[in-house]
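Heads up, the thing below is written out as C-alpha cells.
Since every read-out is calculated from the coordinates, none of them should be taken as a lab result. Because the structure is predicted, anything quoted here is derived from the model rather than measured. Because the Cβ atoms are built from the backbone with ideal geometry, glycine has one as well, and the counts that use them run over all protein chains shown.
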Amino acid sequence: MNNPYSEIFKIKGTKHFSCAGFIARMPLSMMAIGLITMLSQLYDSYWVAGSIAALFTFTMAFAAPQLSRLIDRVGQRKVVIPATLFSAVSALALLLLSHLQAPLWSLYVLAMCAGIMPSVPALVRARWSAIQSDQDLLNTAYSFESVLDEITFVIGPPLAIALSSLLFPQAGPLLAVILFVIGSIWLVSQKDTEPKIEQSENQTRTSALANSTVKLLSLVLLALGVIVGAIDVLSIAFAQLQGMPIAASLVLSMYALGSCIAGFGFGAVKWRVSMPVLLVRFAIFTLIASVLLLSVKHVYGLAVVMFISGLAFAPTMIIAMGLVEQSVPKHLLTEALTWLITGLGVGIAGGAALTGWVVEHLTVDLGFGVAVVAAATVVLLAWYQKHHDTRRVTQVVSE
C-alpha cells in the first residue's frame, strides 16, 4: 500500500505552496501573543496589551471571510497581495508608534487595520481542493495541513515571547510580519496551483454562510474552539494551583502532540465510514475526554488527559473541512473554509475569556465544566449534522 502522504505530493507544485502556506500562517500563532508581550513591556499594562491584541484577533476573524468571498470571485493573487501589504504596513506602523510611545487610540486603529488579512489556511486548502480529485487523498492533504496548523501553534507563541523578551519588545511581532509577507507573496506567486475562478449567476449575491452545512459546521468548530480556549487557561491555572507553573507548557504541548499524532493517523487511513458518522464518533470521543478532566487530581494526570483530548481535535477539524468541501460549489469554497476557521478562532477567544472569568471568580474545577459543556454542544451539533445530511440525501434520492 502506497503512503498517502507521498501520494499527495506527487502533483507538481504541492510542496511549494504547502511550504509557503506554512510560513505565511505563522503570524496566526505569533502576532497576538507577540503584541501582548511587547505592549505589556512598553505600556506596563496587561489590560492595554490584551485589549489591543484582542481587537487585532477579532478584526482578523471577521475580515477574513469577506476577503475570502472576494478571493472566490476574482482570484487569490488579486486580493492577497494588496491585503497583505496593507496589513503589513499597518502592523509595522503599530510597532513604530509603540516604540515612540504614541497615544493609545492610534495603536487601536492600527491594530484593527493590521487585522485585515486573508486566511492563509483556507487559501492553502482551496488549492488542495482544486488540484486533488481523489476524496481520500484530499482528506490526507487536509490532515497534513491541520498538523502544520498545530506545529505553528507549538512553535509560534514561545518564539514570539522569547524574541520580544530577550532582544527588544517589537522583535516577536516584527518576525511575524516578515514571515507573513514572505509566505503570502510566495504562495500567490505560484499561479499553476491557484484555483480557477468558477463563474456563477448568483456568485455576486450568494454568501457561503447561506449554506446550512457551513453554518452548522462553523458552530461545531466554534464549540470546539471554546474547548481549546478553556484548555489554554485551565492548563495555566491548574498548574499554578498545584505549585508547578512551569508544567503548564508541558500540559499544552501534550494536547498539541495528541492532535498532531491523530491528524497524521487520520490522514493515513482510508475510512469506510461516512463523514457525518465519523464526525459524531469523534465528537463523542471529545466529550468523553472532556469529562475525564473532572477527575484530574495532579498536573501530570492533566497532561495525560490533555493528550487524549488532543487526539480528538485534529480529526474533528479535518472532517468538518471535508464535509464543507463536499457541500459548497467551488466558487464559494475559500469563503466557506474561512468561516470554519473564523468559528474556531472566535471560540478559542471566547472560551479563554469565559474560563478565565470562571477560574478567577469561582473555582478551577468549575472551569473544567466550561470544556464539558462545550464538548456536549459539539456532540449535539454533530448529531444534528448527521441527521441533516441523511435527510438531505433521502430527499435527493426520492426526487
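For the pair Leu97 and Ile288, how long in nm is the line joining their label points, each one 7 Å along Cα→Cβ?
Taking the two extended label points, one gets 5.2 nm.
Out of residues 5 or more away from Glu194 or on other chains, whose amide H comes under 5 Å of its own, with H placed 1.01 Å from N in the peptide plane?
For Glu194, whose amide H was placed from the backbone, there are no distant partners under 5 Å.
For Lys12, go through the lysines and keep the ones whose alpha-carbon is under 16 Å away, minus same-chain ones fewer than eight residues off.
Lys12 reaches Lys191.
At a Förster radius of 35 Å, what calculated FRET efficiency corresponds to the Cβ-Cβ distance of Leu104 and Ala210, to the nearest 0.05? Kindly include the intermediate steps, with their values, before the conclusion.
Details: r = 39 Å, r/R0 = 1.11.
That pair, Leu104 with Ala210, gives E of 0.35.
Which whole-Hz couplings ³J(HN,Hα) result when phi for each residue of segment 92-107 is put into the Karplus expression 6.51 cos²θ - 1.76 cosθ + 1.60, θ = phi - 60°, listed in order with x for Gly and Pro?
Whole-Hz 3J(HN,Hα) from phi for segment 92-107: 5, 5, 4, 5, 5, 5, 5, 5, 7, 6, 5, x, 4, 4, 5, 5.
Please order Ile227, Ile197, Ile348 by the number of other Cβ within 10 Å, starting at the fewest. Spell out each step's value before the answer.
Numbers: Ile227 31, Ile197 16, Ile348 24.
Least crowded to most crowded, the residues run Ile197, Ile348, Ile227.
How far, in nm, would the chain grow between Asp192 and Lys270 when pulled straight, counting 0.36 nm per residue and subtracting the alpha carbon separation?
Extending this stretch completely gives an extra 25.3 nm.
Take the alpha-carbon centre of segment 276-327, take the same for segment 26-42, and report the distance between them in whole Å.
28 Å
For segment 118-177 and segment 87-103, compute the distance between their C-alpha centroids and round to whole Å.
24 Å
With springs only between Cα atoms under 10 Å apart, run a GNM on the chain and tell me which of Thr206, Thr286, Thr338 wobbles the most.
Checking each option, the largest mean-square fluctuation is seen for Thr206.
At 222 nm, what helix-only mean residue ellipticity would the chain give, in deg cm²/dmol to the nearest 500, using -39500 (n - 2.57) for each DSSP H run of four or more? Write down the numbers at each step before the final one.
Details: 15 runs with 322 residues, N = 399.
That comes out to -28000 deg cm²/dmol.
Test of understanding: ordering Trp47, Trp339 by Cβ neighbours within 10 Å, fewest first, what list do you get?
Numbers: Trp47 9, Trp339 26.
Lowest to highest Cβ neighbour count: Trp47, Trp339.
Quick check for me: using +1 on Lys/Arg Cβ and -1 on Asp/Glu Cβ, what's the dipole size of segment 129-217 about its Cα centre, in debye to the nearest 20?
Numbers: 4 positive and 9 negative charges, 72 e Å.
Value, rounded to 20: 340 debye.
Who wins for biggest fluctuation among Thr84, Thr140, Thr363 in a Gaussian network model of the chain, springs between alpha carbons below 10 Å?
Thr363
So what are the ³J(HN,Hα) numbers for segment 54-59, from phi and the Karplus equation (6.51, -1.76, 1.60; θ = phi - 60°), rounded to whole Hz, Gly and Pro as x?
With coefficients 6.51, -1.76 and 1.60, one gets 5, 4, 4, 5, 6, 4 Hz.
Within a 10 angstrom radius of the beta carbon, how do Asp149, Asp72 rank from fewest other beta carbons to most? Write down the numbers at each step before the final one.
Values: Asp149 25, Asp72 28.
Ranked by crowding around the Cβ, least crowded first: Asp149, Asp72.
Taking springs between alpha-carbon atoms closer than 10 angstrom, which of Ala303, Ala93, Ala102 fluctuates most in the Gaussian network model of the chain?
Evaluated over the chain, the most mobile residue of the options is Ala102.
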